[in-house]
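A.B. asks: Supplied in structure tokens, the structure appears directly below.
Throughout, read-outs are computed from the coordinates displayed, never taken from laboratory work. No experiment lies behind these values; they were computed from the predicted model shown. Virtual Cβ from ideal backbone geometry, glycine too; neighbours counted across all protein chains shown.
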Amino acid sequence: MPTLTLLLRSTLIGIIAFAFLAPLTACEDKDAQAIRAMLADYDRANNTGNGPLAKDCVTQASDDQYDLIRRHALYSDEKTVRALGPNLKYNVVMTRNRAPAEQLEVLTGEDFLVWITNEGWYAGGVSNWAGHFGAIRVDGNTATAPILDEEGQPTSEKGTFIKEGGRWRVDEPSMNSYVDKSYRLAARSEGMSEDEFIMSLETNDSGKEVTDAIWQPLIKK
């Protein structure tokens, strides 16, 4: 998306020092520790370009969101894309700027996640999902944890984790609100509109200039 999708996969989110995490894990139960281990796996997948491992760390709802991004990149018109929240919008812009239409057409949401992770869109050693969450509260097959700010303090936003197929997985759509706020704050601090900031960010991240043509669908119906 990441993908947070790009919640915590985003370059906007600061890296939280391990010191904030260590006191939490010592008193957490086995499910919470399993969630921490899964998040560490997701970091490793993102940082090393391991698509199959990334796939095993996300919920079905996350796969569905990747498929939504894929379909928006292929088919949605300018008005529709500009109306999306910043997180989804950035992912659509990134996808249009980096992925060929013929490749996107044959992928499912799950395949798309595997492919973009394998392609190294989130590589570089900066993914830090494991350090972005406070105390984890488990209730059956669902768990939540407050998202930490850059000082390691809990925010009002929570991330959700769901046990699917016998494994704890991160539910990326649950973090959209927090990521959207981060994009808007960053855009304001740069004196840019939301769309200008997204275009500038993708230009810098990809090394490929993004122009206004990015708002047009890759395939026109």
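A.B. asks: Which whole-percent values make up P(r) of the stretch 118-221 when all C-alpha to C-alpha distances are grouped in 10 Å steps starting at zero?
C.D. replies: The distribution over the stretch 118-221 is 12, 31, 34, 19, 4, given as percents.
A.B. asks: Another question about this same structure. With no solvent and one point on each alpha carbon, what is the Debye value of log10 I(q)/I(0) for the chain at q = 0.09 Å⁻¹?
C.D. replies: Debye intensities relative to I(0), on a log10 scale: -0.34.
A.B. asks: Hey, which of these cross-link pairs are over 20 Å Cα-Cα: K89/K208; K79/K220; K89/K181; K30/K163; K30/K55; K55/K163?
C.D. replies: K30/K55
A.B. asks: Under a point-charge model restricted to the Cβ atoms of Lys and Arg (+1) and Asp and Glu (-1), what is the dipole moment magnitude of the chain relative to its Cα centre, in debye to the nearest 20?
C.D. replies: 140
A.B. asks: Tell me which aspartates and glutamates have Cα within less than 12 Å of K221's Cα, excluding those fewer than 8 residues away on the same chain?
C.D. replies: Result set, ordered by chain and number: D77.
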